[in-house]
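See below for the structure under consideration.
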There are 2 protein chains.
Amino acid sequence: MEKLALIDDAFLRLENRRQPLHIGSLMLLEPPAGAGPDFAYQLAKRLRQHTVTAPPFNHRLVTKRGLHYWEEDRHFDLNHHFVHLSLPKPGRVRELLAMVSRVHSAHLDRSYPLWRMYLIEGLEDGRIAMYLKIHHAMADGIAGITMLNKCMSNDQKASKTMLPPWAIGARKSRTAQPPVPTPAGGLSALRAITREGIGAIAPVIKEVGATIKDYRSGNENLALAGQAPRCIFNQKVSASRRFAAQSYSMPRIRAVAKAFDATGNDVILAMCGGALRRYLKDRGELPKTSLTAGVPVSVRRKNRESKANNEIAFTLTKLATHLDNPAARMRAIKNCMDYNKERMSKLSPGQLMAYAAAVMAPGATTSLSGLASDKALGNVIISHVPGPRETMYWQGARLDGLYPVSLIIDSGALNITLVSRQDKVDFGLIACRKSVPSVQKLLTYLEEELAALEQCVEKTRPAPLRKKTETKSPSQKTTAAPKRKATKASKSNAA
Amino acid sequence: MEKLALIDDAFLRLENRRQPLHIGSLMLLEPPAGAGPDFAYQLAKRLRQHTVTAPPFNHRLVTKRGLHYWEEDRHFDLNHHFVHLSLPKPGRVRELLAMVSRVHSAHLDRSYPLWRMYLIEGLEDGRIAMYLKIHHAMADGIAGITMLNKCMSNDQKASKTMLPPWAIGARKSRTAQPPVPTPAGGLSALRAITREGIGAIAPVIKEVGATIKDYRSGNENLALAGQAPRCIFNQKVSASRRFAAQSYSMPRIRAVAKAFDATGNDVILAMCGGALRRYLKDRGELPKTSLTAGVPVSVRRKNRESKANNEIAFTLTKLATHLDNPAARMRAIKNCMDYNKERMSKLSPGQLMAYAAAVMAPGATTSLSGLASDKALGNVIISHVPGPRETMYWQGARLDGLYPVSLIIDSGALNITLVSRQDKVDFGLIACRKSVPSVQKLLTYLEEELAALEQCVEKTRPAPLRKKTETKSPSQKTTAAPKRKATKASKSNAA
């Protein structure tokens with residue numbers, strides 16, 4: 001029996017009827033050429049033969065005197081965890097996303113190890129899907145993607161004989177886990193910082209002091225917890241979810257980033273800011289001041305990729321939703337993120353935790369426990385998980401999309417998580433079905449906002465040196481060409 | 001806004017993470033001759049056009065100052081409530097039951113009206129299925145079957161233009177509801193009896209007195225709450241369910257009943273007693289004393305069939321699981337049920353409520369609230385709901401099975417509910433997936449127990465008057481013939 005870490009325990013205790021706290025991911029897969037119509041059936045049959053499980057997939061929750069422990073499940077029953085499903089006709093991606101929305105809304109049974117995997121067939125284009133859900137007390141998003149990566153290969157043939165996730169597992173760190181800013185964050189931060197020595201506290205105090213100074217002087221690049229305007233995302237959530245997913249072109253995002261001297265992540269945040277502005281404006285719900293996004297940052301240390309546990313710190317950034325001009329929004333977001341990075345780069349992981357806890361823990365507490373508050377911790381979570389950088393295969397089928405299906409909580413009814421992968425960025429949007437209606441509209445707006453940023457780049461691009469009246473320069477063509485091509489590619493995954 | 005009745009409110013308050021309190025039913029349907037492979041798709045399309053709802057399908061739960069009310073949902077969203085699903089290949093009934101098990105395990109979202117309907121295609125034999133779940137706070141089993149009956153017709157053509165359940169609805173009684181023996185039972189019973197006048201109390205006191213006297217004198221036909229031996233069904237339940245369903249031949253059951261001078265329900269109880277004995281013996285878990293079954297009795301008054309509400313009283317019967325001989329078990333159960341009926345026939349509905357509450361309410365309280373107790377209220381619930389007596393059609397498809405999917409609670413991990421319909425009895429068994437493993441074995445045992453009772457009848461049948469050595473008499477043939485035919489018919493629905 002192994003006692004749960006403080007943060008993992010928090011994910012169990014904060015869970016309630018309307019707020020399941022598992023995370024998931026949806027893989028879209030292209031069966032190999034020549035695969036018969038029974039590809040999914042044969043695959044399901046093969047996977048069911050793997051009844052040996054590795055931790056944490058065989059960890060069952062036990063409660064003793066009010067405390068939670070993991071225990072090996074000696075009556076492991078794969079039939080409970082592995083489910084084969086089929087989409088009804090017409091089998092569009094829309095039907096797939098509706099199915100994932102429903103399945104993701106249901107709680108995991110605490111009498112069994114807290115995960116379930118669904119193999120889904122019946123897409124009209126012949127692709128299959130795999131949706132895996134696992135409790136956040138067992139793994140975070142990065143650990144989840146790492147696990148999936150280990151089940152895939154860049155060699156199609158080799159991938160056919162690889163083990164399924166539950167047989168590969170992910171070893172959990174036996175050392176005390178680093179703290180993160182959650183309700184238990186203050187205490188965890190204290191522990192982390194004392195592990196690094198009492199001298200480590202000084203830089204934290206210095207940064208907290210500088211932050212307070214910046215706040216008082218009205219530095220507009222600073223986003224503080226509890227300063228976000230309340231909007232429709234900051235409501236009590238229902239028990240139903242809506243999942244929307246789409247892939248966007250990485251080369252296009254990179255080209256925009258280069259033109260603005262920003263990172264790809266800055267561009268993604270600008271796409272989100274623009275899309276959220278349009279969504280809220282449509283509904284007459286756009287706040288006058290800028291929305292704030294919580295951006296989880298992995299504080300996973302080097303050489304620890306193989307261990308599944310929660311090591312996340314948050315930073316906050318403004319999304320400049322009060323600005324109408326896409327280029328101005330892009331620049332404001334870049335400034336915000338640069339400010340954050342400058343502050344955070346000075347701190348060790350332990351110090352970063354302590355800093356985050358000091359600045360954000362009270363806000364996090366009120367948000368997670370649903371206490372009333374005039375302002376919100378933030379308006380939306382936008383998380384970014386690195387995915388595989390090559391063409392990958394799972395059980396012989398080519399990976400065609402790897403969409404995160406995250407969790408939402410009271411006062412945080414929308415979560416946008418994305419996986420950057422090869423030449424695609426796979427967005428997964430999860431929202432409260434009731435308080436965030438028609439969330440799939442955001443998918444179109446994200447695409448249109450990327451196009452708007454590209455137009456800004458074209459407009460501001462220095463005119464070619466030789467002639468102003470010349471037809472499009474080669475460099476412009478290069479930017480434009482992948483744009484249209486990628487638009488088509490991403491549309492094929494549209495909801 | 002309408003305040004919830006005491007009993008309906010109890011079903012909401014006693015619900016928890018492991019114990020959802022909705023009920024359901026599964027309809028198996030045979031599409032009309034010549035129906036294309038898109039029959040289900042077209043049907044789903046047609047049903048989705050009915051966006052007008054009738055009470056209680058448009059009732060949304062609202063909570064004010066801790067009290068529950070029904071309110072009309074002005075943002076009714078059929079897409080949340082109507083779901084089209086498909087079974088993966090091979091599409092056996094086994095896959096259908098596994099799907100219903102999973103879907104029935106999930107809670108209804110209290111932000112929406114508390115029901116959901118699933119149209120399921122993909123059965124290998126071309127049949128389709130319809131599974132409807134509705135919260136027990138909104139309807140009981142009888143109201144549910146009544147609603148479904150109203151959506152069907154004995155005229156195939158006419159059935160095609162009939163409204164779906166949510167558009168037909170079921171009007172809820174505006175009068176104060178009669179009480180039932182639940183945690184709130186004592187109070188409700190008091191109310192019911194005072195409505196019938198103070199003079200009505202005397203017969204109740206007399207019956208309670210007689211019951212106590214019978215108990216003290218060791219009358220073995222009396223089954224009292226809290227006297228049942230604890231067995232594996234009397235455990236805390238997990239959040240996962242296993243549903244098993246099968247149809248059995250009504251003519252065979254009737255023939256056995258006639259031979260034993262018993263009712264069809266007595267035979268059904270004897271089949272259950274025998275099957276449960278074998279199931280528990282297999283596992284080395286058979287208690288020495290007889291199991292006790294809670295048998296809900298509808299106290300619905302005449303001319304109230306059209307109103308959906310909870311009007312149920314319980315009686316208890318021994319299942320004679322300590323007896324090995326099927327005929328002896330059959331007789332013991334008949335005696336128990338006759339004793340019950342004699343007591344209950346003397347009482348008016350209100351008196352019956354008061355009597356049941358007096359004898360059983362304390363037991364019901366401990367069972368429903370999960371408090372520890374040395375003995376159990378009962379070991380299993382065996383409920384019987386009358387279904388349609390003719391060949392019925394729903395949306396052009398012939399009804400081929402109407403299986404109730406009931407609920408289970410802590411200390412009551414197995415529920416057997418059946419619908420008697422035309423020439424079939426449709427059994428629906430719902431059990432905790434964890435504490436009642438392989439519940440589908442009971443389906444086979446039920447069939448074999450019916451056959452064993454038939455053999456007892458053949459053995460004890462008086463020899464033909466003329467010759468002992470004669471070949472089978474016509475009457476024996478009549479009994480035997482439908483037996484084999486019906487076995488085949490019921491097997492076609494087997495899990």
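The values are calculated or read from the model by the stated rules, or taken from the named source; none is laboratory data. Note that the structure is predicted; figures quoted are calculated from it, not measured. Because the Cβ atoms are built from the backbone with ideal geometry, glycine has one as well, and the counts that use them run over all protein chains shown. Only protein heavy atoms, including side chains, enter the accessible area calculation; ligands, DNA and RNA are left aside. Shrake-Rupley method; radii C 1.70, N 1.55, O 1.52, S 1.80 Å.
So, with +1 on the Cβ of K and R and -1 on the Cβ of D and E, and no other charges, what is the size of the charge dipole of region B:1-136 about its Cα centre, to the nearest 20 debye?
My answer is approximately 380 debye.
So if R0 is 30 Å, what FRET efficiency would A:MET1 and A:SER348 give, r being the distance between their Cβ atoms, rounded to the nearest 0.05?
Approximately 0.40, to the nearest 0.05.
Accessible area, 1.4 Å probe, largest first: how do B:ILE381, B:ILE416 sort?
Descending order: B:ILE381, B:ILE416.
Take B:LYS236 and A:ASN16, extend 7 Å from each Cα along the Cα→Cβ direction, and tell me the distance between the two endpoints in nm.
It works out to 2.1 nm between the two label points.
Taking the label point as lying 7 angstrom from Cα along the Cα-to-Cβ axis, what are the distances from B:ILE212 to the corresponding position in the remaining copies, in ascending order and in nanometres?
So the label point of B:ILE212 gives 7.3 nm to the other copies.
With r as the distance between the Cβ atoms of A:GLN42 and A:ASP77 and R0 = 25 Å, compute the FRET efficiency 1/(1 + (r/R0)^6) and round to 0.05.
After rounding to 0.05, the efficiency reads 0.65.
For labels at A:SER217 and A:ALA158 in the simple 7 Å Cα→Cβ model, what's the distance in nm?
Distance between the two pseudo-spin positions: 5.4 nm.
So for B:GLU458, B:GLU15, what's the accessible-area order with a 1.4 Å probe, most first?
B:GLU458, B:GLU15
In square angstrom, rounded to the nearest 10, how much accessible surface does A:GLU30 have for a 1.4 Å probe?
60 Å²
Given a Förster radius of 51 Å and the C-beta distance between B:ILE201 and B:THR289 as r, what FRET efficiency does 1/(1 + (r/R0)^6) yield to the nearest 0.05?
The pair B:ILE201/B:THR289 has a calculated efficiency of 0.90.
Could you rank A:PHE260, B:PHE233 by how accessible they are, 1.4 Å probe, largest area first?
So the residues, ranked largest to smallest area, are A:PHE260, B:PHE233.
Past the 21 angstrom mark, what percentage of all C-alpha to C-alpha distances in region A:2-168 do you count?
In whole percent, the long-distance tail amounts to 50.
Taking the full set of protein chains and a 1.4 angstrom probe, give the accessible area of B:VAL52 in square angstrom, rounded to the nearest 10.
110 Å²
Over 23 Å between Cα atoms: which of B:LYS213/B:LYS346; A:LYS89/B:LYS45; B:LYS133/B:LYS441; A:LYS64/A:LYS133; B:LYS133/B:LYS334 fall into that group?
Checking Cα-Cα distances, B:LYS133/B:LYS441; A:LYS64/A:LYS133; B:LYS133/B:LYS334 exceed 23 Å.
Run the 1.4 Å probe and let me know the accessible area of A:ARG343, rounded to the nearest 10 Å².
Near enough 30 Å² of accessible area.
So which aspartates and glutamates pass the test for A:LYS459, namely a Cα distance under 19 Å, with those fewer than 8 places away in the same chain ruled out?
A:ASP261, A:ASP324, A:GLU447, A:GLU448, A:GLU449, A:GLU470
What does the structure give for B:109-117 when I average, per residue, the other chain Cβ atoms found within 10 Å of the residue Cβ?
Whole-number average of other-chain Cβ neighbours for B:109-117 is 3.
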